[in-house]
Amino acid sequence: MFKKTMTPGVLAVALAATMLVGTATADAVLPTGLASGSEYQVLFVTSGGTTATSTNMLDYNNFVKQQAAQSPTLQALGATWTAVASTESVDAMDNCPTYAAIPIYNTNGVLVASGSAQFWNQNLSSPPDYDQFGTNLGAIPVWTGFVGSDYLGNTFPPSGLDCPPVNIGLAASTSEWLNSSVASSVNNFGLYALSSPVTVTPEPASLTLLGSALLGLAGVIYLRRRRAKA
């Protein structure tokens, strides 16, 4: 009876593979089961934080874009990322377009809203408390500037406060995710990031199966024709 042994080369490859598996990190999960050609949007809360002192919406859009780029899965989508936030001059609804018939999912692959109406009515199907890596961050405060004059970049502190207040939402809430309370603009909180519409394409495995099926069908037809001629 032969005893199998591992050569040094094979052992090195096996150890390297084990190390790669051990150091693998989680990443965002995209929705599954959607029809090819359909569209969806992705919503996440940034794992990194920023202050809300800038009056320039471009600063917040660049921030969420950089956060999205940290995820290989999100970066591969080729989407444009914008902040779900309002400044004095730019409203959140204008900054990050949503659509009546395009559903929105979090980075755990779960439906958040069926479209723009549910999204902006603050009555989500699931909370947007997953970051760009698909990690659940729980009930953390998130800058939104969504209500009244407590927008991002607010420069008017009320009496008794040293810093201007800015509206925040709670990431773990389906009803207060945009509007929960206010916080001083110098705090370091995350932002919600929303993608532009993403079109569903067939997965490589599906294309392979389709190709195999077509080849098999072609073979059957060929054999039938040969038998008919014989």
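Readers should treat all values here as calculations from the given coordinates under stated rules, not as data from a laboratory. Here the structure is a predicted model, which is why all the values come from computation and not from measurement. Here the Cβ is made from the backbone with ideal geometry for all residues, glycine too, and neighbour counts use every protein chain on show.
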(request) Return the sequence-ordered ³J(HN,Hα) values of the stretch 57-66 in whole Hz as given by the Karplus equation 6.51 cos²θ - 1.76 cosθ + 1.60 applied to θ = phi - 60°, using x for Gly and Pro. (result) 4, 4, 4, 6, 5, 5, 5, 5, 4, 5
(request) Quick one, can you get me the convex hull of the C-alpha atoms of the stretch 15-127 expressed as volume per residue in Å³? (result) 138 Å³
(request) Would you mind putting 77-87, 119-129 in packing order, based on average other-beta-carbon counts within 10 Å, highest first? (result) 77-87, 119-129
(request) Kindly state, to the nearest 0.05, the FRET efficiency for residue 121 paired with residue 62, given R0 = 22 Å and r defined as their beta-carbon distance. (result) 0.20
(request) Would you mind computing, in nm to one decimal, how far apart the modelled labels at residue 54 and residue 89 are, each placed 7 Å from Cα along Cα→Cβ? (result) 1.4 nm
(message) Taking amide H atoms as placed 1.01 Å from N in the peptide plane, list the residues 5 or more away in sequence, or in a different chain, whose amide H sits under 5 Å from that of residue 140.
(response) 171, 172
(message) Using a Förster radius of 25 Å, what is the FRET efficiency between residue 111 and residue 36 based on their Cβ-Cβ separation? Nearest 0.05, please.
(response) 0.85
(message) Neighbour counts of other C-beta atoms within 10 Å: give me 46, 98 arranged from fewest to most.
(response) 98, 46
(request) Collect residues whose amide H, placed 1.01 Å from N in the peptide plane, falls under 5 Å from the amide H of residue 105; neighbours closer than 5 in sequence don't count. (result) 41, 42, 43, 112
